[in-house]
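Heads up: the structure comes next, in structure tokens.
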Amino acid sequence: MKLCVVGDSHVAMLMAALRDAGPGAPEVIWFAKPGLAEGEAALEGSRLCARDPDLVTRLESLGTPTEVDLDGVDAVVFVGGTVSAFGAVRLLQGHRVSGWASAQALIAAADTPFAAPLKQPLISEPAYLAALEGVIRESVTHRLVTGLREASAVPVCVVPQPLPSEAILETENKYPVFKRVARHGDGPAVASSLIAAHERAFAGLSGVTVFRQPEESIGQGFLTALAYTRDAVRLTDSALPQDDVLHAGPALGALYLAQMREVVQALKI
Amino acid sequence: MPYSDLPPSAFWKLCRQTDDFRLSDLYQPKFALTPGMRIATAGSCFAQNIGRYVRASELELVDTEPAPARMPAETVQRFGYGLFSARYGNVYTARQLRQLLEDAVADRLHDCALWQRDGRFYDGLRPNTEPEGLGSEAELRAHRRDHLRRVRAIFDEADVFVFTLGLTETWQDIKTGVVFPTAPGVIAGAFDSARHAFLNLGMAETFEDLSTAVTLMRELSPGLKILLTVSPVPLTATASGAHVLSATTYSKSVLRAVAGEMAALDDDIDYFPSYEIITGAPYAGAFYQDNLRNVTTAGVQVVMSTFFGAHPALAPVERPAMATARGGADPDEADALICEEAMLEALAPK
């Protein structure tokens, strides 16, 4: 099996998993740089071309040519580059989702005659989902997938950015909105909204499979369990800072690789 | 002699002699707008343009119900955020504005406006702001109440309230008199001829509704200035039984007359003639799109350039190249009809 993996720093979990994999591991072309952004890579038909000097340098260090014909692989895997849990939480900086269970008290407060306006206004669940879907549709990954679909029938897998580490709740003076969301019990709803928004955004594109983060890797309903963030590395295979809460390690990468095998095999049949 | 001292803009012929029918003389504001003034907006679809231009100007658009940070622009618009100063959607009639303000002051909900469709719940007074509805009646009631409090909060902030009158036709709940922006059953809810009735508001009713709305606004904000405009967008359809052209003419005539009367009676109420700019004969319908209903981008820009151009303290809006007043083979060709009024031209300054 030959894959091309396109994406940002979260590609490293697959690299680390592959490094540790035994025989029969897929052959992979890595096309990645941290924070891969709009315009840094572009499609010319089915050829993916690096447009950014930093990306070119990264590709050289990965042994990847600056142009890759995606029709020549069994599947293209896009990692990250859509919307993350951080982006999902950012939408809740000043609002609460009225359709979630945690909003019951707010709903009761709002429906009290002559009460003051709510400090955190309500946003409906459809509006929240539509916002997430909109962010995904404007993302670099969605644009590349859409462009690729017009040029090629190669199977596409989309791996959204993993949920943050459970360690995020232990950080001091950081991620206050995330912690507030967790305190209100809204974390699982954020996670399920991310899944739904990704599935809606890529629905209708044939041959595109959106991967869900495997259940066994999820802690507290909306975070990546510590066992799956352990040994997370950079694209250069060097260690991440001790306090990194963004990246997952090879254990999660291995679960995704297993999913990819199944999907690509099924599509081949 | 009357007329002899009047400016050129008072004479059709002299206006016609200029490229733009003396557009810059069309509007002399009663009160000046200066940078930093806080402007609130409400009205029909056309009023959304005002909010957009205010937002891009040195004025401040009051927005008491803003969208979540980083919500994509398309979603913001689809869910009714940022179109007006709160998320009330289009307020087409003076009756609807009055009702909104009365509800905000009284913190009042109407059971007849709690609509359903396919198990989802919709606010019948702004059904388009949640196109997929809400999950329960309790959720809907909470959204509505919080919205009303934010409507009220507009008047804690606004220096000027801009209202664009759009229609006289509406649908009401017979028992309560509650009016809806769309007929029940169009977006959600269910039409029941025993409960719902068509209403075409006349001059007196529109004047009373608007006067009451102004009184309510002044109670909330005594120094508030009010700017009225009339939407130039024709009716999409009429339920009046008349031809849609006649119905449009009636509706716009009532609204234009009421706006003019209100402005004439109150120093703190002004009228801005966006309606005249778009619909006026000198511009020969040039500002309408091919459907003869929607206003072109250039038309909106001409309106806004006229408005901002009348307020020298504000940065101007560029006026696009525009078609001139329609030229004819002989502009002074005699009217075949006898028209005493035409004699007034003789008194125009040379």
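Things to note:
- Rounded to the nearest 20 debye, the dipole magnitude of segment B:27-324 is 360 debye, with +1 charges on Lys and Arg beta carbons, -1 on Asp and Glu beta carbons, and the Cα centre as origin.
- For chain B, the longest principal axis of the C-alpha atoms and the axis of helix B:203-220 are separated by about 70°.
- For the pair A:E44 and A:E138, label points projected 7 Å from Cα toward Cβ lie 3.0 nm apart.
- Under a 5 Å amide H cut-off, with hydrogens placed 1.01 Å from N, A:I29 pairs with A:L3, A:C4, A:V5 among residues at least 5 apart or on other chains.
- Derived scalar couplings ³J(HN,Hα) [segment B:98-103; Karplus, 6.51 cos²θ - 1.76 cosθ + 1.60; whole Hz; x for Gly, Pro]: 4, 4, 4, 5, 5, 5
- For A:V79, distant residues with modelled amide H under 5 Å away: A:V6, A:G7, A:D8, A:V159
- Relative contact order of chain A, taken over Cα pairs closer than 8 Å and 6 or more residues apart, is 25 percent.
- Computed from the Cβ-Cβ distance with R0 of 60 Å, the FRET efficiency linking B:A348 to B:R117 stands at 0.50.
- Net dipole in debye of segment B:205-309 [+1 Lys, Arg Cβ; -1 Asp, Glu Cβ; about Cα centre; nearest 20]: 400
- Degrees between helix A:250-268 axis and first principal axis of chain A (Cα, 0 to 90, nearest 10): 70
- C-alpha long axis of helix B:244-265 to longest principal axis of chain B, angle in °: 80
- Net length available on complete extension from B:S4 to B:K175 is 55.9 nm, with 0.36 nm assigned per residue and the Cα-Cα distance removed.
- Of the trypsin sites (Lys or Arg not before Pro) in segment B:237-310, those whose Cβ has at most 16 other Cβ within 10 Å and which sit in DSSP loop: B:R293
- Spin-label pair B:F191/B:Q77, simplified geometry with 7 Å Cα→Cβ offset, distance in nm: 2.9
- Computed from backbone phi with θ = phi - 60° and the Karplus coefficients 6.51, -1.76 and 1.60, the 3J(HN,Hα) list for segment A:175-186 is 6, x, 5, 4, 5, 5, 4, 5, 4, 6, x, 8 Hz; x is used for glycine and proline.
- Computed E for B:E157/A:Q242 - FRET, C-beta separation, R0 45 angstrom, nearest 0.05: 0.45
- Sequence-ordered 3J(HN,Hα) estimates for segment B:293-298 from the Karplus curve with 6.51, -1.76 and 1.60 and θ = phi - 60° stand at 10, 6, 8, 6, 4, 5 Hz, glycine and proline given as x.
- Sites excluded, GluC sites (Glu not before Pro) in DSSP loops with at most 10 other C-beta within 10 Å, longest stretch of chain B: B:1-317
- For segment B:27-324, share of DSSP beta bridges that run antiparallel, in % to the nearest 5: 45
- Charge dipole magnitude, Cβ of K and R +1, D and E -1 - chain A, Cα centre, debye nearest 20: 520
- The order of A:C4, B:C45, going from fewest to most other C-beta atoms within 10 Å of their C-beta, is B:C45, A:C4.
- FRET efficiency for B:F198 and B:D268, using Cβ-Cβ distance with R0 set to 30 Å, rounded to 0.05: 0.30
- Normalised contact order of chain B, rounded percent, pairs of Cα under 8 Å and 6 or more residues apart: 21
- Simple spin-label estimate for A:D20 and A:E172 in nanometres, 7 Å along Cα-Cβ: 3.1
- Along the axis of the charge dipole computed for chain B (Cβ charges of +1 for Lys and Arg, -1 for Asp and Glu, origin at the Cα centre), the listed residues B:M217, B:A281, B:L148 are led at the positive end by B:L148.
- Charge dipole (chain B, unit charges on Cβ, about Cα centre) - positive-most of B:F180, B:G133, B:S193: B:G133
Here, each number is a calculation from the coordinates, and none is a lab measurement. Every value quoted in this text rests on a predicted model; they were computed, and no experiment measured them. Cβ sites come from the backbone with ideal geometry, for glycine too, and all protein chains shown count toward neighbours.
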